[in-house]
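Below is one structure, written out as structure tokens, with a few remarks after it.
The values are calculated or read from the model by the stated rules, or taken from the named source; none is laboratory data. Please read these numbers as outputs of a predicted model, since none were measured by experiment. Counting neighbours? That spans all protein chains shown, and the Cβs are built from the backbone with ideal geometry, glycine included. The accessibility values were calculated without ligands, DNA or RNA, using every heavy atom of the protein model including side chains. Shrake-Rupley method; radii C 1.70, N 1.55, O 1.52, S 1.80 Å.
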Amino acid sequence: IKYTIKALYILLKINILAISGGLQTYGFYDIYINNINEKPTDIILSNNSINENKIIGTIIGELTTIDDDNNQIIPETFTYSVNNNNFAINGNQLISNTVFDYETKKNYDIQIKSIDTGNNSIIKNFTINILNVNEIPTNITLSNNTIKENKQVGSFIGTLKTEDVDSNIFIYSVN
């Protein structure tokens, strides 16, 4: 018998008929089915990505544990943990524990463990994706910064070089 009703126990009232040699008798019995705490069946993460360069403590996603016992009169509570120090748990939230850099690493494989009130647990694997953000160029250099006087308008002075981890196409303007 599977216990799924919102109660501390289920009371079954049964009648038993016994027949012997043409004679019969009835027995009335109460059977109590006590609930046992079963292990959780799944962990759901509401989001599995974070933009690079976000501060430590940025919320990545909300955790929800699926557990048949969680619909009882006394609801289950869950404790979460993660196996990777680049991440942390705050209540039911997966948060960043480092500043991620897309150009260094694009995703992380982690395991999240959920423990219910009865100390039953489930572990589930997740991949957290780091999203690229267009960062500002880090340096602009000019190969030559002198020109002789009386040169024609539009004369070549030097070559601009820009350092940017996200792009190699640039638009320049002079103010």
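Using only Cα atoms, locate the centre of segment 124-146 and the centre of segment 15-65, then give the distance between them in Å, rounded to an integer. Segment 124-146 and segment 15-65 have Cα centres separated by 48 Å. The number of Lys pairs in the chain with C-alpha atoms less than 29 Å apart, excluding pairs fewer than 8 positions apart on the same chain, is 23. Taking 35 Å as R0, compute the FRET efficiency from the Cβ-Cβ separation of I14 and N84 and round it to 0.05. The value I calculate is 0.10. Rolling a 1.4 Å probe over the heavy atoms of the protein chains gives the chain an accessible area of 72 Å² per residue.
Taking all C-alpha pairs of the chain, those more than 29 Å from each other amount to 57 percent.
Got a number for carbon plus sulfur as a percent of the chain's accessible area, 1.4 Å probe? Roughly 52 percent of what the probe reaches on the chain is carbon or sulfur. Positive-end ranking of I43, Y29, Y108 along the dipole of the chain, with charges on Cβ about the Cα centre, is headed by Y108.
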